[in-house]
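Let me begin by presenting the structure, written as structure tokens, before commenting on it.
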Amino acid sequence: MTRQISILLSGEDQFDHALERAPKALPHERYLIGDSFALGRALHQNPNDQVQLCIEPVHLHATRDHLVLLPLSELDIPQNEVTVLMEEANTIFGEEGMIPISNNGHTWVYAASDYASLYTHSVAQAKGRNIDWWLPKDTVVPGLAKRWRKIQNEIQMRWHIHPMNEAREAQGLPRINSVWVYGIGKATDITYSSELTNASQVISDHPWMTSIAAQRGIPLLNPESLQWEQQPSNTFVWLEGMHKEWPRLMQAMLESDLEITVIDFPGNIRKRTLRAKDYQSPAWKFWHKKQPPTWDELQA
């Protein structure tokens, strides 16, 4: 019996800067949980359909005329340092009615009904860019973005003089100097991809997937030492290091009864299915043997 494995590849945004608002997240992020990108709710289920959001500490790098956002995941910052700073920030969030619920690595989840209509963008969407375009914006409630910026500024001032950041600067390390809000929404705002909805298991090295898989009741497999030929049907895969696994996966496809669906975003959503039979030729056509795509060919 053919076993089906779905591979989600990360995609870059492709949108018209003339639009009033860009999408809330990158294509693969929206594909995973829906265009509303209610990540806060996806990371932590609640019996009440309350509004939840994500807040992530970040490093804002100052250039000559603008600020560029860098996620902490790219700066190798110890979790305990992040926790110390976020616990101080929680005193400010508490005054604003933001109730801490959980944290998933560098992503902290809060209940915050007042901010339901704030339009935000994911950290990945804003990463490495001038933050001016990606700052939160008002939609229904006027003044909400300004209210958030006031909170953000207060945290930046407190963190600027925090002993943790002063010690980091003395060591020549980047400061954890700001926070980024995103992923706002309720459970009814989430639309999971069909591949995730029907998954028998998840293979991922992305921090989100630990919580999302647990919330969905789906087993999460450690991506280390994978035996692709042994994976059950309806396995859903989202690996940052997929390029390292690709040769072994293709070999397993040829030797086992696997059907691989690759989901990527060269502009729109694209799904390609690879099967062993598509690369098999009659023995007498030994000169006409078709090979599965290499990783570079897949990306072309």
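The values are calculated or read from the model by the stated rules, or taken from the named source; none is laboratory data. Bear in mind the structure is a predicted one, so any value in this text is a computation, not a measurement. All Cβ positions, glycine included, derive from the backbone under ideal geometry; neighbour counts span all protein chains shown. The accessibility values were calculated without ligands, DNA or RNA, using every heavy atom of the protein model including side chains. Shrake-Rupley method; radii C 1.70, N 1.55, O 1.52, S 1.80 Å.
Okay, here's what the table says:
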read-out	value
Largest-first principal axis extents of the Cα set of segment 196-288 (Å)	52, 33, 24
With DNA, RNA and ligands ignored, accessible area of L254 (1.4 Å probe; Å², nearest 10)	70 Å²
Cα-centre dipole for the chain with unit charges at Cβ (Lys and Arg positive, Asp and Glu negative), debye to 20	680 debye
Radius of gyration and Dmax over the Cα atoms of segment 1-81, both given in Å	17.1, 60
Estimated dipole of segment 147-199 in Debye, rounded to 20 [Cβ of Lys and Arg +1, of Asp and Glu -1, Cα centre]	280 debye
Accessible-area ranking of H121, H59, H243, H66, largest first, probe 1.4 Å	H243, H66, H59, H121
Simple spin-label estimate for N153 and E20 in nanometres, 7 Å along Cα-Cβ	2.6 nm
Packing-based order for 111-117, 229-235, using average beta carbon neighbours within 10 Å, highest first	111-117, 229-235
Computed label-point distance, nm, for sites V84 and H66 using a 7 Å Cα→Cβ extension	3.4 nm
Two-decimal ratio, the chain, of alpha-carbon radius of gyration to 2.2 N^0.38 Å	1.13
Segment 68-113, accessible area per residue, ligands and nucleic acids excluded (1.4 Å, Å²)	43 Å²
Carbon + sulfur, % of accessible area of segment 1-139 - ligands and nucleic acids excluded, 1.4 Å	49 percent
Karplus (6.51, -1.76, 1.60) ³J(HN,Hα), θ = phi - 60°, over segment 268-280, in Hz, Gly and Pro reported as x	10, 5, 10, 10, 10, 10, 10, 10, 4, 4, 6, 10, 10
Residue pairs, from the table K127/K271; K127/K186; K24/K127; K186/K271; K24/K137, whose Cα atoms sit over 21 Å apart	K127/K271; K127/K186; K186/K271
Label-to-label distance, nm, for residues given as E74 and L173 (7 Å Cα→Cβ offset)	1.9 nm
Efficiency of FRET from Cβ geometry, T139 and D278, R₀ 41 Å, rounded to 0.05	0.30
Computed E for D296/S102 - FRET, C-beta separation, R0 30 angstrom, nearest 0.05	0.15
222 nm mean residue ellipticity, helices alone, for the chain (DSSP H n ≥ 4; -39,500 (n - 2.57); rounded to 500)	-8500 deg cm²/dmol
Probe 1.4 Å - accessible area at R41, Å² to nearest ten	10 Å²
Cα-centred dipole magnitude for segment 101-231, charges only on beta-carbon of K, R (+1) and D, E (-1), debye, nearest 20	580 debye
